[in-house]
Structures are given as C-alpha cells and as structure tokens.
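Below: the structure, in structure tokens.
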Amino acid sequence: MPSTAATPAAYLAALEPDRRAALTAIRKAITTHLDRDIAEGMQYGMIGYFIPHSVFPDGYHCDPRQPLPVAGLASQKSHMALYLTCCYMNPELDAWFRTAWAETGKKLDMGKGCLRFKKVDDVPLDLITALFRRIRAKDLITHYQAARAASPTASPKPKPKATTKPAKAAASRAAVKPVKPATKATPRRTAKRGASR
C-alpha cells in the first residue's frame, strides 16, 4: 500500500527496524554517487528518484504532473523492492546490471524492472552504487525520448472510423446533393401511375 509520508525520512521512520535498516543501507548506496540532475523525494507512495521538471519539463508521459521516474525504493507486504525504471528504459544498462549481478553469486529476483529482496544481505550494495554511478539524467532522457518515439502509442492517433452504416452514409450523401429541377416527364409518370390504379 502506498505510504502517505511526505519525506523519505518520514517513510523510513514508519518502518519496522529491520526493514528501516535495509532500506537505509540501499538508500545510502544509491545516493553516494547520484547525478546532481536526479532528485530524491516521495513519488507514488515510496521513496523516489526522478528527473525533476526543472531539468525535464515534459515530465512523465503517463502523468506529466509527475517528474520522470528513475527508480523507487519501497517496503511491500511480503518483500522490499527497488524499482529500476532506469534499467527498464535502457536495455544496455539492464544487460550490464544483470550480468554484473550474476558475477556476485547472489540470486537475482527481478522482473522487467522490479528488484525484489527480503533482507539487505540479498543485495550487493557495491553494485547498486556502481549502477547509480553510471546513470546520468541526460542519457536517461535520451533513451526515454527514443523509446517514446518508437512506441506505437506515441504515433499520431488514427482518424476515427465512421459510425454511420453504409446505407445511412449513402442517404446522407444523397441528402446534400443539389436538387435537379423537375422535368415535364415527372407529372406524366405520376398521372399514369394514378390512372392504372
């Protein structure tokens, strides 16, 4: 459940001691070499690392009021998590991180960008520091914009399909055609029809 804490310090203070110690250690590993254009604060109910609007005014496309996410650190119900959006949007960085993690001999429990762990010993802190040493806001913005440009949802929306049925569309087209003046044959046909009845 997202926290209502207003600051990272308040978020950590509300945790049980063992989780507070684990997340504090990981927070320290992140902030040791954090790029100056990446800020720390609360985002999506967890400790967030993001590129502020002062650096990237467009913000996050899903909600432009939000700054562009880089990572998130959270205590969940059954585990703790480090959300590595930075790896999710940069396949090369993701590949490097996974290879480097494998070399530590520790088990990696990670989906597309969510790194899950139960205790701080599950995480190689030096690798987390090395990861954030590599991350630069300008590079993340470049990768983000390239991914957005390549996304099918980023292309212009197709024109809406006609909601009228073909017969109705034909009738409406006929209705706007100019009316031809009546000819002499018209009254005669009407008269013949009337006479045959």
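Would you mind working out the accessible area per residue for segment 14-95, using a 1.4 Å probe, and quoting it in Å²?
On the way: 4000 Å² over 82 residues.
It amounts to 49 Å² per residue over segment 14-95.
Just check segment 101-148 against the gyration tensor rule for me: Cα atoms, a ≥ b ≥ c as the square roots of the eigenvalues, rounded for a/c under 1.5, and otherwise prolate or oblate depending on whether a/b exceeds b/c. Could the numbers behind the result be given before it?
Numbers: a/c = 2.88, a/b = 1.87, b/c = 1.54.
The shape class here is prolate.
Taking 0.36 nm per residue of sequence separation and subtracting the Cα-Cα distance, how much length would be gained by fully extending the chain between Gln66 and His53, in nm to one decimal?
On the way: separation 13, 0.36 × 13 = 4.68 nm, distance 0.82 nm.
Gain on extension, Gln66 to His53, equals 3.9 nm.
Just the ratio, please: alpha-carbon radius of gyration of segment 1-116 over 2.2 N^0.38 Å, N its number of residues. Kindly include the intermediate steps, with their values, before the conclusion.
On the way: Rg = 14.4 Å, N = 116, 2.2 N^0.38 = 13.4 Å.
Cα-based Rg divided by the globular estimate yields 1.07.
How many lysine pairs in segment 1-120, separated by 8 or more positions in sequence or lying on different chains, have Cα atoms less than 21 Å apart?
For segment 1-120, the number of qualifying lysine pairs is 11.
Tell me, what HN-Hα J-couplings in whole Hz come from the Karplus equation 6.51 cos²θ - 1.76 cosθ + 1.60 at θ = phi - 60° for each residue of segment 18-29, using x for Gly and Pro?
5, 6, 4, 5, 5, 5, 5, 5, 6, 4, 5, 4
May I ask you to derive the relative contact order of segment 15-81, considering only C-alpha pairs under 8 Å and at least 6 residues apart, and to give it as an integer percent? Write out the running numbers ahead of the final one.
On the way: 78 pairs, mean separation 17.9, N = 67.
Relative CO of segment 15-81 lands at 27 percent.
The values are calculated or read from the model by the stated rules, or taken from the named source; none is laboratory data. Just so it is clear, the model here is predicted, and its values are computed rather than measured. Heads up: the accessible areas ignore ligands, DNA and RNA and are worked out on the full protein's heavy atoms, side chains in. Shrake-Rupley method; radii C 1.70, N 1.55, O 1.52, S 1.80 Å.
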